[in-house]
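The values are calculated or read from the model by the stated rules, or taken from the named source; none is laboratory data. These figures come from a predicted structure and were not determined experimentally. In this analysis, Cβ positions are derived from the backbone assuming ideal geometry, glycine residues included, and neighbour counts consider all displayed protein chains.
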Amino acid sequence: MCTHTSSSSESDNNWHPTDREFFEFFTSEKAYVVQHWRRRDDFFFCHWIAESEDDILELLDKTSMSNTIVTMANEMHRFITTYDIKDEKIIMPDEM
């Protein structure tokens, strides 16, 4: 999961992709975005699938997005959702 901060409101105003274009743009062999949340302010959040944080940062460099956003990546070890209720105890998974 990444928290991104836009460092340029000008770049935000110039790029208006479709949802499909957005997800295709942020896709490489080792990293891709699967969900995106944004408010009207400078912060936005992306759920990434990646082999490593470096793979995300490499994709952002390749797309030149690292010039306009600051990224804080955090590996998440647990995910629960109302879309898949299991009635199991919520625990932190063992380290892999």
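Observations on the model:
- Residues of the stretch 38-64 satisfying the condition of being among the acidic types (Asp, Glu), within 20 Å of residue 16 (Cβ to Cβ) and in contact with a helix residue (DSSP H, G or I) (Cβ under 9 Å, 6 or more places away or on another chain): 42
- Top-ranked residue in the stretch 40-77 [being modelled with pLDDT under 90 and farther than 19 Å from residue 26 by Cα; ranked as surrounded by the fewest Cβ atoms within 10 Å (Cβ to Cβ)]: 40
- Counted residues, the stretch 17-52 - those being under 13 Å from residue 4 (Cβ atoms) and β-branched (Val, Ile, Thr): 1
- Unique match (being in contact with a strand residue (DSSP E or B) (Cβ under 6 Å, 6 or more places away or on another chain) and among the polar types (S, T, N, Q)) among 63, 71, 81, 27: 71
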